[in-house]
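The values are calculated or read from the model by the stated rules, or taken from the named source; none is laboratory data. Only a predicted model underlies this, so the values are computations on that prediction, with no experimental measurement involved. Counting neighbours? That spans all protein chains shown, and the Cβs are built from the backbone with ideal geometry, glycine included. In case anyone asks, the SASA skips ligands and DNA or RNA and just uses the protein heavy atoms, side chains included. Shrake-Rupley method; radii C 1.70, N 1.55, O 1.52, S 1.80 Å.
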Amino acid sequence: MAQSDPLTISANGRSRWIGAIRLAIGLAQGLAIHLLARRIGDSSGDSSLWLTAWFVLALLLPFPALAGPGVLPVGTLVIWLASAGAVLFGLGAYLGFVYPDLSNASPGIFLLSLALFIAHHLLVASAGAGRVLAPYGDYFDRAWKSVLQMALATGFALAAWLLLWLAAGLFAVLGFHGLGKLLGEAAFSTPFLFTMFAAAVHLTDQRAELVLGARNLGLSLLGWLTPPMAALTLVFFVLLFPGGVGRLWGEGPGSGLLIAAAIVLIVLVNCLYQDGSRAPGRILGWSGRAAAALIAPLVALALVGIWLRIADLGWTRTRIFVVAILVTLAIYGATYLWAARPGGKGFLPGLGTHNVRVAWLATAILLVLVSPLGDPARLAVADQMQRLRSGKTLPEAFDFRFLAQAEDSGRWGKAALNELAALSGDARAMTIAAKARDALAERVADEAVKRNVDAPPPEMTPAGRRLRIRNLTGDPAVPDGALGPFSGGDDPAQDCAEIAGSTSTNKFSSRPVCQLRRLDLVTTLDEELVLMIGGEVSIVFPGETPQSPWRRVILGCCLADADLAADVVGVVDLPIRGIRGMGGEFRFNFGQPEIDLLNPPPGKPAPAPAK
């Protein structure tokens with residue numbers, strides 16, 4: 001019998017130990033996330049701060065723990081995990097402080113995951129090379145390998161999960177339902193999925209050559225998308241400037257599309273550049289240079305658009321995120337433009353070094369955004385409050401809803417509403433205080449709904465009803481009585497408060513769930529308004545007695561008519577022949593008239609409603 005190579009035996013034994021460690025990490029991660037998720041769901045108040053910190057730690061720290069064994073020396077790995085864990089725990093606690101509801105902290109957790117991914121590969125490459133700046137090929141190989149590993153590991157875990165469900169279905173046919181019930185338990189499913197993910201990471205680590213081949217094939221295919229993308233971007237600029245750049249901000253998400261295009265160009269250029277060891281062919285080379293040069297003007301246009309928006313409406317959390325992205329992209333654009341300069345030696349010389357430096361900068365920006373220093377919610381609330389105090393924003397135009405939305409303003413929005421609600425003095429201060437109290441009542445009600453707490457309904461003022469029910473009639477002077485309350489304790493504004501915590505749109509339409517629209521179809525009445533509360537449609541019209549100045553008649557709830565399936569607000573936006581009463585009930589009579597009754601063509605009066 002041939003004697004085994006001692007080195008092979010040692011390597012196999014080491015691999016088995018690493019595999020066992022990874023499986024244990026995956027199992028522990030799944031159990032921790034399951035237990036923490038249950039505790040977070042039951043918690044409230046300050047306790048969620050520490051639970052969020054532990055949740056962030058359990059969710060993100062296992063990534064470097066899975067990728068580090070066998071790559072980093074044990075001492076370096078321990079120091080790195082301890083340092084990363086301390087930063088994750090501290091910033092996770094701050095996220096829990098600002099956003100007691102974990103779902104509202106998800107953008108910050110995502111930013112932390114990006115920062116951890118970038119920092120880990122910068123560290124691993126530097127440790128492997130024994131110097132701060134490693135050869136660019138080391139960064140490239142390790143980062144892209146990890147991207148493919150995570151994609152393959154996710155697919156493997158889902159495939160294993162589907163396999164178990166298939167087996168459960170087969171057993172159920174025979175009358176054995178135990179496996180199906182087990183799979184429905186989060187206490188089993190969460191640890192199982194994370195353990196399978198860890199197992200897949202180890203398996204792909206053992207066949208690195210297959211991952212390398214898949215990476216090279218994928219990047220080569222993506223690289224061939226560079227010529228059409230560069231050509232289309234050039235055509236975009238050719239068509240843009242003759243008509244003026246103002247068209248970008250007239251309608252639609254102009255800045256968002258420009259940012260997306262810039263990111264796509266950066267990815268495609270790097271698919272061509274890869275580790276920088278070889279230049280692409282002539283066609284790909286010229287298209288790569290053109291794509292690299294086009295990033296900067298795209299980012300410049302996006303910066304103009306977002307700056308105009310900020311100058312007009314001030315800062316919000318989303319705009320701060322966008323500006324942070326644009327700052328990073330601007331540095332990419334400047335360095336790529338320099339690399340694409342004529343006369344450079346080779347294909348985009350120095351691009352790898354630029355990528356590494358921008359990666360360090362991006363890591364710092366990401367960490368600042370989830371720290372007290374650059375907290376977007378705090379900065380946005382402070383800016384909006386300053387605009388209100390200085391008179392730059394009038395009380396009538398101030399967005400109190402921004403402060404009432406916990407996902408946008410965090411705890412700072414609630415603190416600002418408490419401050420504004422306590423104002424007193426002149427008419428302006430009293431107006432601000434009244435609007436702030438209504439917004440604060442809405443926020444308290446929303447938080448109670450999310451926590452499933454039976455809180456007493458807040459006092460509802462006419463201004464509060466106007467805040468909850470979106471007025472789309474085109475008339476700002478809609479009588480207060482048209483918004484309720486109506487006879488019999490019917491108060492639709494309270495219904496809006498109950499559904500606001502779970503959804504902001506109905507299942508058929510992107511329109512707000514609580515809205516008021518005008519409808520002049522029934523000629524016997526002076527004025528009719530359509531009130532939409534979720535899927536419930538009702539008509540509001542003046543009453544006949546002083547005791548009932550306004551009445552509300554519910555037309556239907558959750559309409560399932562095929563003509564309404566595309567948009568439940570059919571009473572306004574679909575062609576209507578009229579509304580008729582049958583047996584004391586109001587029913588819709590839809591048809592296909594030549595003219596929309598509510599929006600007739602210019603110069604043509606709307607036809608009389610069908611009787």
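Compute the signed sum of charges (Lys and Arg +1, Asp and Glu -1) over the other residues within less than 13 Å, Cβ to Cβ, of residue 272.
After counting each charged neighbour, the total is +2.
Compute the orientation-averaged projected area for segment 180-265 from the convex hull of its Cα atoms and round it to one decimal in nm².
10.3
Whenever you get a sec, compute what percent of the accessible area on segment 281-414 sits on carbon and sulfur atoms (1.4 Å probe). Display every interim value, and only then the final one.
Values: 4070 of 6080 Å².
Carbon-and-sulfur percentage of accessible area, whole number: 67.
Regarding segment 254-300, what is the average projected area of its C-alpha convex hull, in nm²?
The Cα convex hull of segment 254-300, projected and averaged over all directions, gives 3.2 nm².
Using just the Cα positions, wrap segment 325-378 in a convex hull and report its mean projected area in square nanometres, one decimal place.
Mean projected area of the Cα convex hull: 3.9 nm².
Pull up all non-local amide H partners of residue 393: gap of 5 or more, or a different chain, and H-to-H distance under 5 Å with H placed in the peptide plane.
Residues meeting the criterion, in which the H sits 1.01 Å from N, are 388.
Above 13 angstrom, tally the Cα pairs of segment 86-126 and express them as a % of all pairs, no decimals.
When all Cα pairs of segment 86-126 are counted, 55 percent exceed 13 Å.
Report Rg(Cα)/(2.2 N^0.38 Å) for segment 126-254, keeping two decimals.
Numbers: Rg = 23.8 Å, N = 129, 2.2 N^0.38 = 13.9 Å.
My calculation over the Cα atoms of segment 126-254 gives 1.71.
Regarding segment 298-412, what whole-number volume in Å³ per residue does the convex hull of its Cα atoms give?
Normalising the Cα hull of segment 298-412 by residue number yields 110 Å³.
Which whole-number value in Å³ per residue fits the convex hull of the alpha carbons of segment 248-339?
Enclosed volume per residue, from the Cα hull, is 93 Å³.
Restricting the calculation to Cα positions, tell me the Rg (one decimal) and the Dmax (whole number) of segment 356-441 in Å.
Here Rg and the maximum Cα pair distance are 15.9, 57 Å.
Between segment 161-236 and segment 270-295, how far is it from one alpha carbon centroid to the other, in angstrom?
One Cα centre to the other: 30 Å.
Taking the alpha-carbon set of segment 31-145, what are its Rg and Dmax in Å?
Rg, Dmax (Cα atoms, Å): 15.9, 49.
Keeping all protein chains in place, calculate the accessible area per residue for segment 333-393 (probe 1.4 angstrom), answer in Å².
Each residue of segment 333-393 exposes 46 Å² on average to a 1.4 Å probe.
Quote the accessible area belonging to residue 335 in square angstrom, nearest 10, computed with a 1.4 Å probe and with ligands, DNA and RNA left uncounted.
30
For the ranges 312-318, 58-64, what's the packing order if you count other beta-carbon atoms within 10 Å of each residue, average per peptide, and put the highest first?
Ranked by mean Cβ neighbours within 10 Å, highest first: 58-64, 312-318.
Going by average Cβ density within 10 Å per residue, which order do the peptides 116-129, 173-186 take, highest to lowest?
Those peptides, ordered most packed to least, come out 116-129, 173-186.
For an R0 of 60 angstrom, estimate the FRET efficiency from the Cβ-Cβ distance between residue 392 and residue 221 and round to the nearest 0.05.
It comes out at approximately 0.70.
With all protein chains present, how much of the accessible area of segment 125-246 (probe radius 1.4 Å) comes from carbon and sulfur, to the nearest whole percent?
On the way: 5300 of 6900 Å².
Of all accessible area on segment 125-246, carbon and sulfur atoms account for 77 percent.
Once the other residues with Cβ under 15 Å from the Cβ of residue 59 are scored (Lys, Arg +1; Asp, Glu -1), what is the net sum?
Local charge sum for residue 59: +2.
So, for segment 128-255, what is the accessible surface per residue at a probe of 1.4 Å, expressed in square angstrom? All intermediate terms of the calculation are to be shown ahead of the outcome.
Details: 7470 Å² over 128 residues.
Ligands and nucleic acids excluded, the result is 58 Å² per residue.
Two decimals, Cα atoms only, Kirkwood Rh: what is Rg/Rh over segment 190-321?
Working: Rg = 19.9 Å, Rh = 17.7 Å.
We get a ratio of 1.13 for segment 190-321.
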